[in-house]
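The structure appears right after this line, and notes come after that.
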Amino acid sequence: MPTRNFKKLIWSCLSSLWSKQFLIFFFFLTLSAAFWFFEVLNETGEREFEVPVEVRGVPSGVILTDEVPKSVRVVLRDKVAMLLNYRYAQSPGPLVIDFGRVANNSGHVRLMGNDLGKQLAGTLSPGTQIVSIRPDTIDFFYNYGLYKRVPVKLRGAIQTETGYELTGTRLLPDSVTVYASSTMLESITAAYVRPNYLRNITDSTTLELAIEPVKGAKFVPAKVNLCIFVDRMVEKRVKVPIRTVGFPADRELLPIPQEVEVAFYVPMGRYRSIDADDFSVAVHYRDLPTDGSTRCPLRVDRSPEGISRIRIFPGEVEYVIEEIKH
C-alpha cells in the first residue's frame, strides 16, 4: 500500500512538471509566432488585383461604339497588412471614368497608364504605390446616335459530308444597325459573320454567331442566327433526246441512238421535281471529228441548279450526216 501511494506521488510530480514545461514552451512559441507574424505584416510586398472599370456620366444621346473593358489587372505595392486589407476587406477601385471630363470633339477617348493611375489613386491608401496596370491603355469611340442599316454576310466556306449537299443558308436577321462616326459609316457596307468550324455537316442546323467586330463601330444586334440547310444526295437517271447545234442548213445529223441516259445526284427533297425537260444534251457541229471517225462527243448544255456529278451514258454516239436538198 505505501508503495502504491509512492508511485502515485511520483507520477503526479512528473505530470505537473511536464505540464508546466509544456505551457512555458507553448507560451514562447506563440510569442515567437506573433513577433514573426507582425514582422511579416510590416514588410513591403506586391500583389495583383482585378479592379472593375466603370464609365459614368454618359448622356442619354451618346452611344459608346466600343466595349470598354469590364476590369483591369493592377499590381500594388504596400505593407503586407494593407495588401491583405485590399484582398479581404476593402477592395481597390472601382476605376471610374468620368465621361464629361474625357469627352472631346473627335469622338475617341484614349486614356494612358498615367491617366488610369490618377483615376485609381483616389481609391487607395496614401502609402500604396501602383506598379503596373494591364491593359495600360483604355480607348473607346462614341457618337451622338449616327447609324445606318447594313446587310449581314457570311464569310468562309461550309463543307458537307460526302453524299450530302448544302441546299441553302439564311441569316436571321439579315441586316443589323451599325453605330459609328460619319466617316466610318461611309466605309462600312456590310456586317460579317464567320463560323469557326463547319465541315462534314450531315444535317440542317442553326448556329448563333457574333458579328465580326470593327474598331469604333457597334452592331445591334451583336449576334445573328445562321440557318444551314443540308439534304442527302441521291442518284437519279432520266432519258434525254439528243439535239444538234450549229449545223449548216443543208446538213442534218442522225445520232445513233437518238436519246441518252443522264445520271446525276440530286437532293432528296427535289427528287420528284427534276425530270428530262430540265436537261439539254447536244452534238455541236464544231465538235465533229475531222479524222473520218463516225463517233462524236456529247455535251450537256443545260441542267438545273443544285445537282452534281452529271454523267452521260453513253458519252459519245455514232452518227450519220444527211444532206438536205431544197
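The values are calculated or read from the model by the stated rules, or taken from the named source; none is laboratory data. Model, not experiment: these values are computed from the prediction. Cβ sites come from the backbone with ideal geometry, for glycine too, and all protein chains shown count toward neighbours. Each accessible area value is taken on the protein alone, full model and side chains, heavy atoms only, with ligands, DNA and RNA left out. Shrake-Rupley method; radii C 1.70, N 1.55, O 1.52, S 1.80 Å.
Can you tell which of G216, G292, G246 is at positive phi and crowded, with 16+ Cβ neighbours inside 10 Å?
The unique qualifying residue is G216.
Are any residues in the range 266-289 open to solvent by 50 Å² or more (accessible area, probe 1.4 Å) and within 21 Å of V238 (Cβ to Cβ), and if so, which ones?
Listed by number, the residues that qualify are M268, G269, R270, Y271, R272, S273, D275, D277.
Please tell me if N114 is of a type in the set (S, T, N, Q) and farther than 30 Å from N225 by Cβ.
yes
Which strands (runs of 3 or more DSSP E) does the range 207-257 wholly contain that include 3 or more residues that are farther than 24 Å from R149 by Cα?
Filter on the range 207-257 gives 223-245, 251-256.
If we keep just the residues of the range 144-203 that are of a type in the set (S, T, Y) and closer than 28 Å to G269 by Cα, which is surrounded by the most Cβ atoms within 10 Å (Cβ to Cβ)?
Looking only at the range 144-203, we keep the residues that are of a type in the set (S, T, Y), and these are 144, 147, 160, 162, 164, 167, 169, 175, 177, 179, 181-183, 187, 189, 192, 197, 202.
Next, only the ones that are closer than 28 Å to G269 by Cα stay: 160, 162, 164, 167, 169, 197, 202.
On the way: T160: 20, T162: 8, Y164: 18, T167: 17, T169: 12, Y197: 7, T202: 12.
Filtering the range 144-203 for residues that are of a type in the set (S, T, Y) and closer than 28 Å to G269 by Cα, the one surrounded by the most Cβ atoms within 10 Å (Cβ to Cβ) comes out as T160.
Checking the conditions here, which among V75, V150, V109, V68 is modelled with pLDDT of 85 or more, of a type in the set (A, V, I, L, M, F, W, C) and over 30 Å from S182 (Cβ atoms)?
The conditions single out V75.
Out of T123, T167, which single residue is more than 30 Å from E186 (Cα to Cα) and not in a loop (DSSP other than H, G, I, E, B)?
Exactly one of T123, T167 is more than 30 Å from E186 (Cα to Cα) and not in a loop (DSSP other than H, G, I, E, B), namely T167.
Please identify the pairs in which a residue from the range 299-324 that is open to solvent by 80 Å² or more (accessible area, probe 1.4 Å) has its Cβ atom under 8 Å from the Cβ atom of a residue that is part of a loop (DSSP other than H, G, I, E, B) and among the charged types (D, E, K, R), counting only partners at least 6 apart or on another chain.
Final answer for the pair search is E323/D250.
Here is a check on your reading of the model: is V40 surrounded by 10 or more Cβ atoms within 10 Å (Cβ to Cβ) and at pLDDT 85 or above?
Considered against the rule, which asks whether it is surrounded by 10 or more Cβ atoms within 10 Å (Cβ to Cβ) and at pLDDT 85 or above, V40 comes out as no.
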